[in-house]
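See below for the structure under consideration.
The values are calculated or read from the model by the stated rules, or taken from the named source; none is laboratory data. Remember, predicted model here, so these are calculated numbers, not experimental data. Counting neighbours? That spans all protein chains shown, and the Cβs are built from the backbone with ideal geometry, glycine included. The protein model used for the area step is the full one, side chains on, heavy atoms only, and it has no ligands, DNA or RNA in it. Shrake-Rupley method; radii C 1.70, N 1.55, O 1.52, S 1.80 Å.
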Amino acid sequence: MRKYDHSLLLGKMREKGYSQERLAKAVGISEVALWNKLHNKTDFTRTEMFTISKVLELDDVSSYFFAIPEFIEAIRGCLE
């Protein structure tokens, strides 16, 4: 399974006032299931991504769910 960087998603959760528990309830999954997805233990389903996008009002789904850590590090390096 590919590893993704979900730091933008975690940041948006904080910005919108959603804990993992609250977001998990909104999505209809357990808090443990959400933790596993955020830590690359299991993948988000399309339905989960759609629901989270609506709840958190995400504008660009790919940057929240499919960010690759190596790419994020390269971008950060260019900005410093």
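Exactly one of these conditions fails for LEU8: (1) modelled with pLDDT under 95; (2) part of a loop (DSSP other than H, G, I, E, B). Give me its number.
(2)
What's the number of the only condition in (1) of a type outside the set (A, V, I, L, M, F, W, C); (2) modelled with pLDDT under 95; (3) in contact with a Leu (Cβ under 7 Å, 6 or more places away or on another chain) that LYS16 fails to meet?
(2)
Can you tell me which residue within the stretch 54-68, out of those that are out of contact with any Asp or Glu (no Cβ under 8 Å at 6 or more places or on another chain) and of a type in the set (A, V, I, L, M, F, W, C), is farthest from LYS16 (Cα to Cα)?
Among those that are out of contact with any Asp or Glu (no Cβ under 8 Å at 6 or more places or on another chain) and of a type in the set (A, V, I, L, M, F, W, C), it is PHE66.
Restricting to the stretch 35-53, what's the tally of residues that are open to solvent by 60 Å² or more (accessible area, probe 1.4 Å) and closer than 17 Å to SER19 by Cβ?
Residues that pass the stated criteria total 2.
I'd like to know if the stretch 56-78 contains one or more residues that are in contact with a helix residue (DSSP H, G or I) (Cβ under 8 Å, 6 or more places away or on another chain), closer than 16 Å to LEU8 by Cα, part of a helix (DSSP H, G or I) and at pLDDT 95 or above.
Yes, the stretch 56-78 contains at least one residue that is in contact with a helix residue (DSSP H, G or I) (Cβ under 8 Å, 6 or more places away or on another chain), closer than 16 Å to LEU8 by Cα, part of a helix (DSSP H, G or I) and at pLDDT 95 or above.
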